[in-house]
1. Mind giving me the nanometre distance, one decimal, between the label points for residue B:150 and residue A:19, set 7 Å out from Cα along Cα→Cβ?
2. Could you give me the percent of Cα pairs per 20 Å distance bin for the protein assembly as shown, shortest bin first, beginning at zero and ending with the bin that holds the maximum distance?
3. Excluding residue B:49 itself, calculate the net charge of residues whose Cβ lies under 12 Å from the Cβ of residue B:49, where each Lys or Arg counts +1 and each Asp or Glu counts -1.
4. For residue B:280, what residues show an amide H to amide H distance below 5 Å, using hydrogens built from the backbone and excluding near sequence neighbours?
5. What are the ³J(HN,Hα) values, in whole Hz, obtained from phi via the Karplus relation 6.51 cos²θ - 1.76 cosθ + 1.60 with θ = phi - 60°, for each residue of region B:184-190 in sequence order, with x given for Gly and Pro?
6. Give or take rounding to whole Å, what are the principal axis extents of the alpha carbon atoms in region B:65-171, in descending order?
7. Between residue B:207 and residue A:47, what is the label-to-label distance in nm when each label sits 7 Å out along the Cα-to-Cβ direction?
8. So what's the net charge close to residue B:181: Lys and Arg +1, Asp and Glu -1, counting the other residues with Cβ under 13 Å from its Cβ?
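The values are calculated or read from the model by the stated rules, or taken from the named source; none is laboratory data. Please read all numbers here as calculations on a predicted model, not as lab measurements. We place every Cβ from the backbone using ideal geometry, glycine too, and count neighbours over all the protein chains shown. SASA here: full protein model, heavy atoms, side chains in, ligands and nucleic acids out. Shrake-Rupley method; radii C 1.70, N 1.55, O 1.52, S 1.80 Å.
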Amino acid sequence: MPREFALLDALVPTLLLAFIVAAIGTLVLDRLFAWLGAYRVIWYPALFRLSVFGCLFAGLGLWIYQ
Amino acid sequence: MKFYLKRIFRILITLAIAGAAVFLAQKLWVRYMDSPWTRDGRVRADVVNIAPDVAGLVVKVAVRDNQFVHRGDVLFQIDPEHYRHALAEARAVVDQRKASLAMKRSQALRRASLDDEVISRENREDTDLAAAGAKADYEAALASLEKAQLDMVRSVVRSPVDGWVSNLLVRPGDYAQVGAPKLAVIDQHSFWVYGYFEEHKLQMFHVGDTAEIQLLGSGLKLQGHVESISMGITDRDNPTDVRLLANVNPSFNWVRLSQRVPVRIHIDAIPDGLTLVAGMTCSVVVKPSAKVKS
């Protein structure tokens, strides 16, 4: 995985891409959990969503910068 | 009771996910900030500045811009007319000194066979010394001849290395001065990478560790290893002034930027077909060997 990508000819760290992918992934998972009714067993849905985002983003980042 | 169990379960699930997020984020932070890698790497190569050893008009340029040349190939030719004449003159001087030497020798020989009653001892000594002087003159003329021949040879400028001609601006008709560079040749076998590492990362690896070079904007990875670490960089905060006094920069104290130290990376193998240009940007990831980690 390259460590930077071209954004309008400016090279930025791939971490930015990971951020966007993680945000979309969090939205998708949020819909999925809502549909499954998973939030009934969650204490604090907002904290849960933030944590899911954190896991996705950090996981992607660690994979990119192996 | 059941209500409380359910509540604890809900809290535990949420906290577990939150804990995992914090753990992973911390790992990512350490990986990004504190592992030995840099985005600030440059491909470098040795460049030979080609300057003629003799002055004169350029009569022929035998290469095109960016052409590959082998060691010894002709790059350009300086008008040899002057040097041809100088050579002829040097030859003539050699002949003249040779004749003069022969004459002085025969004079000395002739006088050596005569005894003290016919000529004075002084006269005999003088002719001996004159013959020795003529021999020295002859040798000097031979050295001048060799120099004239060397000038003649050096009027053809050849490439000292295998490599590529770069920024060729010399044209036939230009006047070439002695020692003034006329074109550059990039040494084919000299490509290396300079990784500019932040100072705190220098402790994380050692000379000999493997390094991975990622050229900017391409997924291509080159293998290399740390060849050496620069042992000094300029103190940017303290340039000496014209009166040799210190000139310490009143720097802003809150944010301290770490200095970048050049680390020389040897490229183990350059893949065939890869256009590697000196000056390209690359990322350098050093993989510290296990021995160093412990």
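1. About 6.5 nm separates the two model spin labels.
2. 18, 29, 25, 15, 8, 4, 1, 0
3. Taking every Cβ under 12 Å from that of residue B:49, the sum is -1.
4. Hits under the 5 Å cutoff: B:43.
5. Each residue of region B:184-190 in turn: 10, 10, 8, 5, 4, 9, 10 Hz.
6. 80, 24, 14
7. 5.4 nm
8. Charge balance in the 13 Å sphere: -1.
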